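Have a look at the structure below, then the notes.
The values are calculated or read from the model by the stated rules, or taken from the named source; none is laboratory data. Because the structure is predicted, anything quoted here is derived from the model rather than measured. Neighbour counts are summed over all protein chains in view; Cβ atoms, including those assigned to glycine, are modelled from backbone coordinates with ideal geometry.
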Amino acid sequence: MVDKLGFMSTPDRKQGQPETTSATHKESSPAAAKRTRMQHVPNALTVLRIVMVPVFAVLLLMHGGQDPTLRWWALAVFLLAMFTDKLDGDIARKYDIVSDFGKLADPIADKALMAAAFIGLAIVGALPWWVPVVILVREIGITVMRMFMLKYEVMPASRGGKIKTVLQTVTVALYIAALPLAVVTPAGFMFVYAIIAGFALTLTVVVTVLTGVDYVLQAQKIKKEAGQSKEDAKATTTSGKAPNGR
């Protein structure tokens, strides 16, 4: 508006309107823009991990798994794939990124990588066959159960599940590296190495089974609580109805 002296006056700010609206918007814009740029990174890393699974399997199994150089390459691909698993999870949590594709593809990528590792090591004779059978039955069974439990409640990864993943990664790495290390290290070192690898394998199997049992117990508890809540709600509804009286 024009004041009495003919100058344009600044409109009064409405009562209660914050003065820092534009400043706040400017401050939040960079964070929002960065989140937008990172939106598809976790899914891209998941796809990369899926692509790396057959590459890893070929490197591990080629020449009967007896080529030391290929074993080193297989180990490098495996560790890189596991790093992408951690990285996409960190990014998703940091920027609060959730997608339907990620919910489906991420566990598939993880299980496919571990399946390729344990089955591949059994094929080349580095592990007895009962090891991948036990581990894969647990992994597939718990994954299917967690998907089924979504109608009741989301079952997040437990601390034991994370420890299990670390142990599996360490065990696979130890057994992949055993053959190429045997070529360049003395027998005494490999004797100690075999004891450490065997201990890691035993611990991995035990923790894998125990965490599987823990997930089953959690699922039973959640299902029981959901059923009790449903019965309580039904009882409340029934008791809340007024008698007709006619």
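For Thr169, the requirement of being over 14 Å from Trp72 (Cβ atoms), buried (at least 17 other Cβ atoms within 10 Å of the Cβ) and in contact with a helix residue (DSSP H, G or I) (Cβ under 6 Å, 6 or more places away or on another chain) is met.
Pro156 falls short on exactly one of the conditions (1) part of a helix (DSSP H, G or I); (2) free of Cβ contacts under 8 Å to residues at least 12 places away in the same chain; (3) over 21 Å from Arg71 (Cβ atoms), and that condition is (1). Is the stretch 182-194 home to any residue that is within 20 Å of Leu70 (Cα to Cα), assigned to a helix (DSSP H, G or I) and within 23 Å of the chain's Cα centre (by Cα)? Within the stretch 182-194, not a single residue is within 20 Å of Leu70 (Cα to Cα), assigned to a helix (DSSP H, G or I) and within 23 Å of the chain's Cα centre (by Cα). Put simply, of Leu45, Leu75 the only residue that is assigned to a helix (DSSP H, G or I), in contact (Cβ under 8 Å) with a residue 12 or more places away in the chain and over 16 Å from the mean Cα position of the chain (by Cα) is Leu75. Filtering the stretch 60-88 to residues that are surrounded by 15 or more Cβ atoms within 10 Å (Cβ to Cβ), among the charged types (D, E, K, R) and under 21 Å from Asp110 (Cβ atoms) leaves Asp85, Asp88.
Inclusion of Ala226 among residues that are outside any helix (DSSP H, G or I), at pLDDT below 95 and surrounded by 12 or more Cβ atoms within 10 Å (Cβ to Cβ) is not warranted. Applying the set (1) at pLDDT below 85; (2) assigned to a helix (DSSP H, G or I) to Ile97 leaves exactly one unmet item: (2).
Is there a residue in the stretch 127-148 that is farther than 30 Å from Gly64 by Cβ, buried (at least 16 other Cβ atoms within 10 Å of the Cβ) and out of contact with any strand residue (DSSP E or B) (no Cβ under 8 Å at 6 or more places or on another chain)? For the stretch 127-148, residues farther than 30 Å from Gly64 by Cβ, buried (at least 16 other Cβ atoms within 10 Å of the Cβ) and out of contact with any strand residue (DSSP E or B) (no Cβ under 8 Å at 6 or more places or on another chain): present. Take the residues of the stretch 121-162 that are within 17 Å of the chain's Cα centre (by Cα) and among the hydroxyl-bearing types (Ser, Thr, Tyr): which is modelled with the lowest pLDDT? Across the stretch 121-162, the extreme among qualifying residues is Ser158. Restricting Thr171, Thr204, Thr211 to those that are in contact with a Lys or Arg (Cβ under 8 Å, 6 or more places away or on another chain) and at pLDDT 95 or above reduces the list to Thr204. Just one residue in the set Phe118, Phe83 is in a helix (DSSP H, G or I), closer than 18 Å to Val47 by Cβ and more than 11 Å from the chain's Cα centre (by Cα); that residue is Phe83.
Yes/no per residue for (1) within 15 Å of Val154 (Cα to Cα); (2) under 26 Å from the mean Cα position of the chain (by Cα):
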{"position": "Phe199", "(1), (2)": "no, yes"}
{"position": "Thr202", "(1), (2)": "no, yes"}
{"position": "Leu210", "(1), (2)": "no, yes"}
{"position": "Tyr215", "(1), (2)": "yes, yes"}
{"position": "Ala219", "(1), (2)": "yes, yes"}
{"position": "Lys223", "(1), (2)": "yes, yes"}
{"position": "Ser229", "(1), (2)": "no, no"}
{"position": "Ala233", "(1), (2)": "no, no"}
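Among the residues of the stretch 55-72, which ones are over 26 Å from Pro42 (Cβ atoms), part of a helix (DSSP H, G or I) and in contact (Cβ under 8 Å) with a residue 12 or more places away in the chain? Within the stretch 55-72, Leu60, Leu61, Gly64, Gly65, Pro68, Thr69, Arg71, Trp72 qualify. Just to verify a result, which residue in the stretch 121-138, among those that are without any contact (Cβ under 8 Å) to a residue 40 or more places away in the chain and assigned to a helix (DSSP H, G or I), is farthest from Val51 (Cα to Cα)? Among residues in the stretch 121-138 that are without any contact (Cβ under 8 Å) to a residue 40 or more places away in the chain and assigned to a helix (DSSP H, G or I), the one farthest from Val51 (Cα to Cα) is Trp130.
The single residue among Ile97, Ile91 that is farther than 19 Å from Gln168 by Cα, out of contact with any strand residue (DSSP E or B) (no Cβ under 6 Å at 6 or more places or on another chain), surrounded by 17 or more Cβ atoms within 10 Å (Cβ to Cβ) and of a type in the set (Val, Ile, Thr) turns out to be Ile97.
The numbered conditions (1) surrounded by 18 or more Cβ atoms within 10 Å (Cβ to Cβ); (2) within 21 Å of the chain's Cα centre (by Cα) are all true for Leu174 except (2).
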